[in-house]
Structure formats: C-alpha cells, structure tokens
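The values are calculated or read from the model by the stated rules, or taken from the named source; none is laboratory data. Quick caveat: nothing in here was measured; it's all calculated off a predicted structure. Cβ atoms come from the backbone with ideal geometry, glycine included; neighbour counts cover every protein chain shown. All accessible areas refer to the heavy atoms of the entire protein, side chains included, with ligands and DNA or RNA removed. Shrake-Rupley method; radii C 1.70, N 1.55, O 1.52, S 1.80 Å.
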Amino acid sequence: MNVEDLGEPLIICEMCESAEIRYVHYMENARYHGILACGAICAGHMESDLVRAETRDKKMRSDASRRKRFPSRAGWKINEKGNHILKANGYRITVFRKGILWGAVVSRPPADKGFFTREKFSTIETAKMAAFDTMRFVEDNVPKPTPFRPF
Ligand SMILES: [Zn+2]
C-alpha cells in the first residue's frame with residue numbers, strides 16, 4: 001500500500017511482533033484485518049515475493065539522504081489555505097494541517113487521484129518526508145495514466 005522511512009527504528013513489525021523496524025512496508029492482505037506495518041522480510045512473505053520486498057527496502061535505504069533534504073529543497077510554496085505545496089517531477093504534493101498534526105497527499109496531474117501518507121505527523125518536516133516516500137511509492141507501483149490522444 002505504501003512505504004515509509006521512520007528515520008530510525010521506531011516501531012515493532014506488526015506481522016512478527018518482534019523485529020524493530022525503520023523502513024516500513026504498509027501491507028494489506030486478505031488473511032489479515034486492516035493494514036499492517038511490516039519490515040522487509042515479513043512484507044516479502046505477505047506478498048509471496050521476497051525479492052520485490054527487498055528491492056523496495058533497498059530503494060528506501062538509498063533514498064535516505066535525498067529524503068532528509070526534501071523538506072528544505074527549493075520549490076515549496078505556501079498557498080492561501082496555509083498548505084505547503086510542491087510541484088516537482090510531474091507530481092503535486094500538498095502538505096496540510098489536520099488539527100494539531102500534518103498530513104500530505106501526492107497526486108500526479110492530470111490524474112486527480114490522491115495518495116495520502118499513512119499517518120499524520122507532529123511536524124511539517126516529517127510530513128514532507130512521508131510525502132517523499134509516498135511519491136516514490138507511486139512512482140514505482142502506480143501505472144502512469146495513458147496520455148489523451150484525440151482521434
Ligand atoms: Zn516482521
């Protein structure tokens with residue numbers, strides 16, 4: 001469903017309930033209720049494809065420094081609603097306030113389907129970094145809409 005780099009091992013894998021994980025794979029599986037936050041190995045078991053899960057995990061690791069700089073990169077603008085907006089690489093990212101927390105949604109215009117970060121965050125920086133993870137996930141897992149071709 002999504003991935004997230006927590007920056008450090010912060011949670012316990014909800015599948016095996018023993019591995020401490022930093023790189024989270026959010027998995028949905030008919031055998032389990034709801035969405036589970038898993039480490040790479042458990043994610044691989046859940047999707048019956050260890051190589052795919054490990055590839056996704058490696059990518060998160062190699063993206064770690066780009067991700068860290070993402071909240072302070074050039075191009076972020078604040079709109080009239082107070083949302084932080086970034087348009088880059090064909091994506092539109094909107095970081096919005098929800099109560100005292102921040103969330104983000106990533107879309108790829110002209111498709112208006114938005115992909116939300118799994119969680120809400122106490123700082124705008126962490127919300128922006130989660131948006132980065134979501135953007136990379138969409139890039140790798142969601143097919144690009146076919147361009148409109150007039151007859
Ligand atoms: Zn596990």
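In this structure, does D57 turn out to be touching a Phe, Trp or Tyr at 6+ places or on another chain (Cβ under 7 Å) and touching a residue at least 24 places away in the same chain (Cβ under 8 Å)? First the steps, then the outcome.
On the way: touching a Phe, Trp or Tyr at 6+ places or on another chain (Cβ under 7 Å): yes; touching a residue at least 24 places away in the same chain (Cβ under 8 Å): yes.
Answer is yes for this residue.
Step by step: first the residues of segment 108-128, then only those that are buried (at least 19 other Cβ atoms within 10 Å of the Cβ) and either touching a Gly at 6+ places or on another chain (Cβ under 9 Å) or aromatic (F, W, Y) (or both), then the one that is farthest from I35 (Cα to Cα). Which residue is that?
Selected residue: R108.
For L50, all conditions in the list (1) within 20 Å of D140 (Cα to Cα); (2) open to solvent by less than 40 Å² (accessible area, probe 1.4 Å); (3) hydrophobic (A, V, I, L, M, F, W, C); (4) within 16 Å of the ligand (Cβ to nearest atom) hold save one; what is the number of the exception?
(2)
In segment 104-124, what residues are farther than 16 Å from M1 by Cα and among the aliphatic types (A, V, I, L, M)?
A111, I124
Among the residues that make up segment 30-43, is at least one of them open to solvent by 40 Å² or more (accessible area, probe 1.4 Å), part of a helix (DSSP H, G or I) and within 9 Å of the ligand (Cβ to nearest atom)?
Yes, because at least one residue in segment 30-43 is open to solvent by 40 Å² or more (accessible area, probe 1.4 Å), part of a helix (DSSP H, G or I) and within 9 Å of the ligand (Cβ to nearest atom).
For segment 97-107, what are the residues that are part of a strand (DSSP E or B) and open to solvent by 90 Å² or more (accessible area, probe 1.4 Å)?
The answer is R97, K98.
Tell me, yes or no, whether segment 8-16 has at least one residue that is over 21 Å from T126 (Cβ atoms), more than 13 Å from the ligand (Cβ to nearest atom) and either assigned to a loop (DSSP other than H, G, I, E, B) or under 18 Å from the mean Cα position of the chain (by Cα) (or both). Give the derivation first.
Within segment 8-16, the subset over 21 Å from T126 (Cβ atoms) is 15-16.
Keeping just the survivors that are more than 13 Å from the ligand (Cβ to nearest atom) gives none.
No - not one qualifying residue is present in segment 8-16.
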